[in-house]
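We did not get these values from a lab; they are worked out from the coordinates using the rules stated. Here the structure is a predicted model, which means the values were calculated and not measured. Cβ atoms come from the backbone with ideal geometry, glycine included; neighbour counts cover every protein chain shown.
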Amino acid sequence: MEQTAINILVAVFGILGLTITLAAATLRQLPDLLHAIREARRALRGENPTRAESRRE
């Protein structure tokens with residue numbers, strides 16, 4: 001009984017650690033993802049990406 005509780009506790013902390021790690025990695029990549037989405041939308045509209053970038057700055 002006691003060993004089972006310890007195993008469950010270790011599993012819960014393992015899953016929690018994995019979830020936090022994945023969330024941090026996703027948030028770290030979010031700016032690049034948003035930039036890629038903006039570039040794709042510009043390309044679909046037929047805008048020149050370099051001209052649109054210089055307008056933004």
Simple spin-label estimate for ARG28 and LEU9 in nanometres, 7 Å along Cα-Cβ: 3.0
Surrounding net charge for ASP32, when Lys and Arg each add one and Asp and Glu each subtract one, Cβ distance under 13 Å: +1
FRET efficiency, 1/(1 + (r/R0)^6) with R0 22 Å, evaluated for LEU18 and ALA40 via beta carbons: 0.15
